[in-house]
Amino acid sequence: MRHRVDKKKLGRDSEHRKALLSNLVRELILHKRIKTTLPKAKEASRLAEKMVTFAKKGDVHSRRQVFQILHSREIVKTLFDEIAPVYADRKGGYTRILKLGHRPDGAKVALFEFVDKEKIGTVSENIVDTEQQTIEEPANA
């Protein structure tokens with residue numbers, strides 16, 4: 001039975017999970033849309049909704065609470081100055097999750113984005129893939 005089970009563990013310990021969700025929300029605020037796995041998108045959606053709700057309040061205490069989770073002054077400024085005014089008369093549902101299919105390993109992939117992303121500043125044309133790993137080639141000496 002799943003009594004009082006609040007969130008998914010995502011196969012990580014608590015500190016790693018907090019960092020993962022914080023990073024996903026930071027990338028969402030920065031790029032307005034990201035591509036990630038479905039369970040990660042669902043959990044990050046909960047946190048993103050809370051961050052936008054804090055930003056709509058606009059007071060100093062809310063800024064400090066958001067900064068405590070996102071750890072970036074630039075991201076907090078973007079959230080409060082560009083994103084929150086767009087959702088001023090909306091009571092919730094700031095994000096959407098679109099299912100894209102499966103990765104080769106069978107994981108479900110989703111597109112995680114803000115609902116009215118066209119109204120929010122500049123929207124990145126490229127979809128940021130949170131699962132993509134960059135491998136740097138060693139320089140030949």
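The values are calculated or read from the model by the stated rules, or taken from the named source; none is laboratory data. None of the values given here were measured: they were computed from a predicted structure. Don't worry about glycine lacking a Cβ; one is built from the backbone with ideal geometry, like all the others, and counts go over all protein chains shown.
Values computed for the structure shown
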{"read-out": "Unique residue being farther than 18 Å from residue 117 by Cβ and among the aromatic types (Phe, Trp, Tyr) when the list is 54, 80", "value": "54"}
{"read-out": "Residues being outside any helix (DSSP H, G or I), in contact with a helix residue (DSSP H, G or I) (Cβ under 6 Å, 6 or more places away or on another chain) and under 24 Å from residue 104 (Cα atoms) - total across the stretch 22-56", "value": "1"}
{"read-out": "Single condition residue 68 does not satisfy, out of (1) more than 18 Å from residue 31 (Cα to Cα); (2) polar (S, T, N, Q); (3) crowded, with 16+ Cβ neighbours inside 10 Å", "value": "(3)"}
{"read-out": "Per-region count, the stretch 72-94, residues in contact with a helix residue (DSSP H, G or I) (Cβ under 7 Å, 6 or more places away or on another chain) and in a loop (DSSP other than H, G, I, E, B)", "value": "4"}
{"read-out": "Test: residue in the stretch 12-25 that is β-branched (Val, Ile, Thr), modelled with pLDDT of 95 or more and under 23 Å from residue 119 (Cβ atoms)", "value": "yes"}
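One line per residue, one yes/no per condition, for (1) surrounded by 13 or more Cβ atoms within 10 Å (Cβ to Cβ); (2) over 13 Å from the mean Cα position of the chain (by Cα); (3) in contact (Cβ under 8 Å) with a residue 12 or more places away in the chain; (4) within 15 Å of residue 41 (Cβ to Cβ):
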position: 57; (1), (2), (3), (4): yes, yes, no, no
position: 63; (1), (2), (3), (4): yes, yes, yes, no
position: 78; (1), (2), (3), (4): yes, yes, yes, no
position: 81; (1), (2), (3), (4): no, yes, no, no
position: 89; (1), (2), (3), (4): no, yes, no, no
position: 106; (1), (2), (3), (4): no, yes, no, no
position: 109; (1), (2), (3), (4): yes, yes, yes, yes
position: 112; (1), (2), (3), (4): yes, no, yes, yes
